[in-house]
1. Picking from 130, 126, 153, which residue would you name as being farther than 21 Å from residue 70 by Cβ, surrounded by fewer than 16 Cβ atoms within 10 Å (Cβ to Cβ) and modelled with pLDDT of 85 or more?
2. Tell me, please, whether a residue that is closer than 19 Å to residue 181 by Cα, touching a strand residue (DSSP E or B) at 6+ places or on another chain (Cβ under 6 Å), touching a residue at least 12 places away in the same chain (Cβ under 8 Å) and surrounded by fewer than 17 Cβ atoms within 10 Å (Cβ to Cβ) can be found in segment 85-100.
3. Which residue out of 92, 36, 65 is on the phi < 0 side of the Ramachandran plot, modelled with pLDDT under 90 and touching a helix residue (DSSP H, G or I) at 6+ places or on another chain (Cβ under 9 Å)?
4. If we scan segment 49-59, do we find a residue that is at pLDDT 80 or above, in a strand (DSSP E or B) and either within 18 Å of residue 143 (Cβ to Cβ) or in contact with a helix residue (DSSP H, G or I) (Cβ under 8 Å, 6 or more places away or on another chain) (or both)?
């Protein structure tokens with residue numbers, strides 16, 4: 001019995017075909033193909049994360065207070081991520097604060113990176129419990145993305161963070177939980 005290699009030696013050679021002269025797909029107009037490549041869709045975006053914030057050196061009350069946040073979370077279209085961000089917080093009035101100079105870096109589980117700037121407000125929520133909550137409303141604007149379908153520069157999304165009001169008063173680590181939504185371009 002012949003081996004497989006021996007059998008292959010006795011086959012006739014197949015002619016080479018050049019595909020340049022063949023229509024393999026339905027005809028496509030070149031300008032239409034270029035438009036399809038750049039066609040993007042805006043989709044809803046949701047995010048949650050848990051982390052810890054700390055106050056950076058040089059902070060004073062009533063402000064400015066320089067804050068750093070490290071967190072891990074999950075987002076639609078991104079999956080799991082690690083967040084590292086900094087911002088400046090200043091007092092507007094009793095229980096009302098302004099957030100400026102926000103810089104955020106989201107490192108996705110696959111190594112892709114999304115960077116964003118953000119601004120917002122914070123206020124103490126009135127409550128009957130002895131431990132009121134601090135609500136922080138932020139608007140993020142994506143500035144750079146290292147991967148396709150993770151958003152585009154200029155896309156925005158909003159986050160609402162709920163945390164202990166000691167967020168503002170102590171330099172120890174304070175837990176932060178956030179949920180938010182918005183839209184990104186895919």
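The values are calculated or read from the model by the stated rules, or taken from the named source; none is laboratory data. Worth saying up front: this structure is predicted, and the values here are computed from it rather than measured. Here the Cβ is made from the backbone with ideal geometry for all residues, glycine too, and neighbour counts use every protein chain on show.
1. It is 153.
2. Among the residues of segment 85-100, not one is closer than 19 Å to residue 181 by Cα, touching a strand residue (DSSP E or B) at 6+ places or on another chain (Cβ under 6 Å), touching a residue at least 12 places away in the same chain (Cβ under 8 Å) and surrounded by fewer than 17 Cβ atoms within 10 Å (Cβ to Cβ), which makes the answer no.
3. Of the residues listed, the single one that is on the phi < 0 side of the Ramachandran plot, modelled with pLDDT under 90 and touching a helix residue (DSSP H, G or I) at 6+ places or on another chain (Cβ under 9 Å) is 65.
4. Checking segment 49-59: at least one residue is at pLDDT 80 or above, in a strand (DSSP E or B) and either within 18 Å of residue 143 (Cβ to Cβ) or in contact with a helix residue (DSSP H, G or I) (Cβ under 8 Å, 6 or more places away or on another chain) (or both).
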